[in-house]
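Each reported figure results from applying straightforward, stated rules to the coordinates on display, with no laboratory input. Not measured: the values here are computed from a predicted model. All Cβ positions, even for glycine, are placed from backbone atoms using ideal geometry, and neighbour counts span all protein chains on display.
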Amino acid sequence: MKDSVTSLLLAGVGGQGILLASDIICKVMMKAGLDVKKSEVHGMAQRGGCVTSHVRYGRKVYSPIAKEGDVNVLISFEKLETLRYLNFLTAGGRVIINEEEILPPSVNLGETAYPVDAVDIVRSQFKDVLVVNAPALARKAGNIRAVSTVMLGALSKYLLEASPDDWKSVIGKEFSEKLVPANLKAFDLGRETA
Amino acid sequence: MHKQLMSGNEAIARGAFEHGVTFAAGYPGTPSTEIMEAFSRYKGVYAEWSPNEKVALEVAIGAALAGLKAMAVMKHVGVNVAADPLFTVSYTGTNGALVIITADDPSLHSSQNEQDNRNYAKFAKIPMLEPSDSQEAKTFIKIAMDISEKFDSPVFLRTTTRVSHSKSVVGLEEPTNGEDRRVIKFDPAKYVMVPAHARVRRVAVEKRMEQLNEWAETFPENRMEIQNTAIGIITAGMSYNYAKDVFPGYSYLKLGMVHPLPEKMIRTFASKVKELYVVEELDPFIEEQVRAMGIPVTGKKVFPYTSEFDPGVVEEGIKAHKRGRKPPPAVPSRPPNLCPGCPHRGLFYALGETKAFVTGDIGCYTLSFMKPLQGLHTCICMGASIGMAHGMSKALGEKGKGKIVGVIGDSTFVHSGITPLLNMAYNKSDAVIIIADNRTTAMTGMQDHPATGTTLQGEKTKELDFAALAKVLGIESVRVIHPLNIKETTAVLKEELGKEGPSVIVSRGPCIFLQRERLKSIKPFTVDTDVCTGCQLCLGLGCPAISWKKEEAGLVPRTGKKRKGFASIDEALCVQCSLCFQVCRADAIKSAGGPS
């Protein structure tokens, strides 16, 4: 077992299922026999503001948050939010982007513009960039709210500590019975894109 | 042992349950709220939302006096509210066990200030424990209860947002059922704090602190980890993890108890290391005491006073170099906002039309201060809106006639609004107070309170009637409105602002999260882009569902004048509140189901 700690950062907007997604990652890594910690901020952030969740795992984890420049994979659930947290990534870090756009208030009011070249900016700084049309895949899986599970599917391809079956057994327990089939499908579709 | 992923808050609740704590009282406040929620779901416990933290602490004191293990749970600023009983229960002692949980919020993620409540421990002469992760949170609540019983003293358990809201692996144990120690005990010399008794107890407090000082020296959760002795770090709570993350090889004095400090242990540790640092967020609480022992130490000279730390902050401080990282690309900010369909939006839109100065309060509605609503103009603390509105109105006299409004939420009004409203009637005020009653404590995540008719543990109960209460307090003009009706709201505001004497308006509309049933059959509004004149009136609502689209070629809508753009409604976000429909003068906003 390797000694170093792997750091993930999930970023997006309130209501996108980020907190549940990071819980699932932690439980998968616990299954794989690793120590895990995660951290997020609740409260004000839930009313349509930015939401981030740090997940860290390894043999022994102290800090639940990574320092800037130490994140191995940034999983961004909203396109422009990717840019806000780019400086958390380590050189050579990986980026997974849901290309969905959720307009911030100042864009809604016409005061600022939504950056049209967000993905280009990311690609200019990082080599390993995966762009996912998560809403389309979630819809294909049969539940538009399964966007976060699509993202987990894509992420799972790069986290070699756990097998697809580890992920699926956790997903099978985290959702109500009715929602499990669509989420398992969403996981597979996400994994296929990676 | 079964292992589970738990937040610090869930772990505190679990630890309390495992240790036979059967009584808790609190008031919701980020980052403390989930402690009460999780605890209330365990079998055989009593848990209540009290109207505020002062009441919660007094309730818990009563339970401890009756022999139970009890906890009072609050966020850092809640301790300010509870400070009055706090300082004197330190004198009386507790009989049973009493632990006060203070959840501090470095970085002000969800608070109006960044106070460091370790100072309360010293100020009120109460011992304080500080866990650094969820496993410790579960262990330390038990130790805190034991210290309370052993020393007949209230005990603080302090968390920060990162401890409360981080999740880590916790080993679960079976609950231990202690003997029934409930009792009615008469002991006036100990519990009636008249001066003659309090002077005696005052001496007992100092003696207790001396004993605790001694005890802290052998407390196993104050521990030395001697490794590389070039640098020694004294730290506690989450800061310990940040430091260990970047400097796993240095020596540590990890303090589980931050008050009182183990002086002998600190001297021993200092003598073993070449260079000594204190790593602590916010105030130099440990550092100043170490320095007062005459020990050279580095702390706030290299670490910031403000905001929470992270591993990078600790690394920079000790390595004394800045990381030369380039700033992230500038992107539009994404502040939290009132939800689509929020009843507060209608109220603040109408209030904006009156041009009144609005003293505000603490809750979701505080978010209305932002553009475009700019609906309130002050926010200090729970309940301040009413006292401030009265003070401004009195000071301004004729100059402020019809121009001063206080807005306070339902839960906040119950917390701290009743006495200042009584004051307005008593001292003949002339301001208008609006109780923004969305039927829940929304900001902290939908907790019940004395005006919702349900208790924390889900029992039906009495439901406070705001209008009737205002009348009894002596407010003669009391109105009840529905804030999603802009015309009515505007008319009532105008009338009440024009009246002599104080008024109360109960602005009653349930939080959107309480409307799950209605939301199942939403028929969203849409914009007829051929009719929209691009006047932007609807954008003035600041609804997240409405956005502005620039006109590519300066087209002319069916109804006339050239326009620069048009409004658009995101059907996935619209909940059919109809506010935009009400403000549109061009008849451009349509609903499949008509206005609700």
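The table below lists the values:
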| read-out | value |
| --- | --- |
| Separation of alpha-carbon centers, the range B:218-294 and the range B:417-469, rounded to whole Å | 46 Å |
| For B:165-172, mean number of other protein chain Cβ atoms within 10 Å | 6 |
| Residue B:394 paired with residue A:127, simple spin-label distance in nm, labels 7 Å along Cα-to-beta-carbon | 7.1 nm |
| Cβ crowding within 10 Å averaged over residues, with B:354-364, B:158-168 ranked highest first | B:158-168, B:354-364 |
| Straight-distance crosslink candidates among lysines, where the alpha carbon sits under 26 Å from residue B:462 and sequence neighbours closer than 8 are dropped | B:43, B:54, B:471 |
| Contact order relative to length of the range B:401-465, as percent, for alpha carbon pairs under 8 angstrom and 6 or more apart | 31 percent |
| In nm, spacing of pseudo-spin labels at residue B:471 and residue B:224 (7 Å Cα→C-beta vector) | 7.2 nm |
| Length added when fully stretched, residue B:150-residue B:426, from 0.36 nm per residue minus Cα-Cα | 94.6 nm |
| Packing rank of B:63-71, B:285-293, where each peptide gets the mean count of other beta carbons within 10 Å, highest leading | B:63-71, B:285-293 |
| Distance from the range B:1-70 to the range A:129-161 (C-alpha centre basis), Å | 38 Å |
| Eligible aspartates and glutamates near residue A:168 by straight Cα distance, threshold 15 Å, same-chain separation 8 or greater | A:23, A:177, A:188, A:192 |
| Shielding by other protein chains, B:103-110, mean Cβ within 10 Å | 2 |
| Exposure proxy ranking, count of Cβ atoms within 10 Å, fewest first, for B:428, B:207, A:31 | B:207, B:428, A:31 |
| Theoretical gain in end-to-end length, residue B:194 to residue B:1 [0.36 nm per residue, Cα-Cα removed] | 64.5 nm |
| Stretch gain in nm, segment residue B:371-residue B:530, where the contour uses 0.36 nm per residue and the Cα spacing is subtracted | 54.5 nm |
| Residue-averaged 222 nm ellipticity for chain B, from DSSP H runs of 4+ at -39500 (n - 2.57), nearest 500 | -10000 deg cm²/dmol |
| Pairwise label distance in nanometres, residue B:562 with residue B:202, each label 7 Å out on the Cα-Cβ vector | 8.2 nm |
| FRET E, pair residue B:515, residue B:271, Förster distance 51 Å, beta-carbon r, rounded to 0.05 | 0.20 |
| Violating pairs (Cα-Cα greater than 28 angstrom) within the set A:37/A:79; A:67/B:75; B:69/B:207; A:67/B:264 | A:67/B:264 |
| GNM result for chain A, Cα springs below 10 Å: residue of A:83, A:137, A:109 fluctuating most strongly | A:109 |
| Which of B:229, B:440 has the fewest Cβ neighbours within 10 Å, and the rest in rising order | B:229, B:440 |
| Filtered trypsin sites (Lys or Arg not before Pro), the range B:431-538: DSSP coil and at most 14 other beta carbons within 10 Å | B:462, B:499, B:520 |
| Computed E for residue B:457/residue B:176 - FRET, C-beta separation, R0 22 angstrom, nearest 0.05 | 0.45 |
| Residues B:519, B:573 arranged by fewest to most Cβ contacts within 10 Å | B:519, B:573 |
| Shielding of A:64-72 by partner chains, average beta-carbon count, 10 Å | 6 |
